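Some notes on the structure that comes next.
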Amino acid sequence: YDLNSTEEERDSIRQQKQKEYENLRRQCREIHRRNENGSDSKQTAQSSNTEDSQVLDSHDIEQVSSSTRSIQVEESEKLNSESIRQDGDCEKSGVTSEDDANDSDSTNSEETETSPLLAEEEAERHGKVNQEKDTQSPSSKPKFQAEEEFNTIWQRIIRLDAVRANDEWVPYSPSQAGVSDTKARGIATQVGLTDYEDLEPCRILHAARLVAILEAYAVYDPEIGYCQGMSDLLSPILAVIEDDAFAFWCFVGFMSKARHNFRLDEVGIRRQLSMVSKIIKYKDIRLYRHLENLEAEDCFFVYRMVVVMFRRELTFEQTLCLWEVMWADQAAIRTGIAKATWGRIRLRAPPTEDLLLYAIAASVLQRRKTIIEKYSGMDEIMKECNSMAGRLDVWKLLDDAHDLVVNLHDKI
């Protein structure tokens, strides 16, 4: 909400965003239905083919080969160390929407539908074009192409990632943790989630909510669609916010900053890795020279930390702490508070859009001695970074990150 908004304006926004979320969910169901009908038609056609009609010419073979390549996905964990960069499922990139708003999930509103997979003018109505400007935005993805990817790629990976989500959030959300088996399975049925095997009810509910919101986001932002790692960013939001529509719009607001992490061209990721490298270089030249000798000065070993914003390295509670401090900095910058107060604060760290990157650099600098004395290859450094999970002190990390901001923000 705008800081100067009234209660009536916020109520109006909530109602509007509720309807928009319901519309997105309807579009998801329509795509499912079209896909099922198309599959039935294909099966009928195939059963009536003669043996001669099964022979493919070279053009058909090329099309089948291309289609097969486009739907192959890696079903194993992609966010472990170097393999995340090779995830070929993120075949999306482009313009963005930036929204903040809210409300609950309902699936049978009679609101007028927009065309599936929002047109450009609809996307503009939802929000502003991404201000990152780290690369030129490609043209909008054609509706048929986005719908094809929704059916053949995004849908399947979303479900795989949803059922893998852990239950670390459970102690922090007792109402969701106490959901009945009947209710959880009913919600799973509503979103077409079936492969949850022996998951307990709270995890079935969490997986079903992940599916509903991630599918809606893929329709909302077809240039990005769905990439592995996005479920990690959404999961803590779902644990804190029980209302699906409210959680969806909070995720949209989060993704307005994070979506460049999932671009196929990796321009946004490379910019961030370059900044981590610069912070290390200015703070500790000896460590930087060691990384240069190992051809690791590009800081690719922190790739996972950048993509999922420390979610894999921190506990659930620590993640919320880090993210909220990070968001507070960004909010201060948006509202102009930073310019008004920084001159008077002096020794305190000024708000920065890149606090996450300073924190990532701080986590590496905390291990400088081990890296310099023991490691002679980037693989070893990557293993060290991956082993940070569960061993970080988030408050020490933030203190060190703020020290880096104080000393280096002008240079960086």
**Asked** If you roll a 1.4 Å probe over the stretch 172-223 with all protein chains in place, what percent of the accessible area is carbon or sulfur?
**Response** 50
**Item:** Across LYS17/LYS257; LYS369/LYS396; LYS257/LYS281; LYS283/LYS369; LYS257/LYS396; LYS374/LYS411, pairs whose alpha-carbon gap is larger than 22 Å
**Value:** LYS257/LYS281; LYS257/LYS396; LYS374/LYS411
**Complete:** Sorted on mean Cβ neighbours within 10 Å (highest first), peptides 357-364, 258-265 come out as 357-364, 258-265
**Request:** Give me the percent of the accessible area of the stretch 273-324 that comes from carbon and sulfur atoms, probe 1.4 Å, all protein chains in place.
**Result:** 41
**Fill in**
Once TYR282 and ASP11 are pulled to full extension, the length gained, defined as 0.36 nm per residue separation minus their Cα-Cα distance, is 92.8 nm
**Request:** Order these peptides, 283-295, 244-256, 13-25, by their mean beta-carbon neighbour count within 10 angstrom, highest first.
**Result:** 244-256, 13-25, 283-295
**Request:** Mind grabbing the accessible area of GLU9 for me, 1.4 Å probe, Å², rounded to tens?
**Result:** 90
**Asked** Taking 0.36 nm per intervening residue step and subtracting the Cα-Cα distance, what contour gain separates SER175 from ASP403 on full extension?
**Response** 78.2 nm
**Request:** Can you tell me the FRET efficiency between GLU242 and ILE372 if r is taken as the Cβ-Cβ distance and R0 is 45 Å, rounded to the nearest 0.05?
**Result:** 0.45
**Message:** If R₀ is 22 angstrom, what is the calculated FRET efficiency for the pair SER274 and ASP410, using the beta carbon separation as r and rounding to 0.05?
**Reply:** 0.80
**Complete:** For 178-187, 229-238, ranked highest to lowest by mean beta-carbon neighbours within 10 Å, the order is 229-238, 178-187
**Request:** Calculate, for the stretch 154-311, the solvent-accessible area per residue in square angstrom, rolling a 1.4 angstrom probe over the heavy atoms of the protein chains.
**Result:** 34
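The values are calculated or read from the model by the stated rules, or taken from the named source; none is laboratory data. This one's a predicted model, so the numbers in the text were calculated from it and none came from an experiment. Counting neighbours? That spans all protein chains shown, and the Cβs are built from the backbone with ideal geometry, glycine included. Heavy atoms of the whole protein, side chains included, go into the accessibility calculation; ligands, DNA and RNA do not. Shrake-Rupley method; radii C 1.70, N 1.55, O 1.52, S 1.80 Å.
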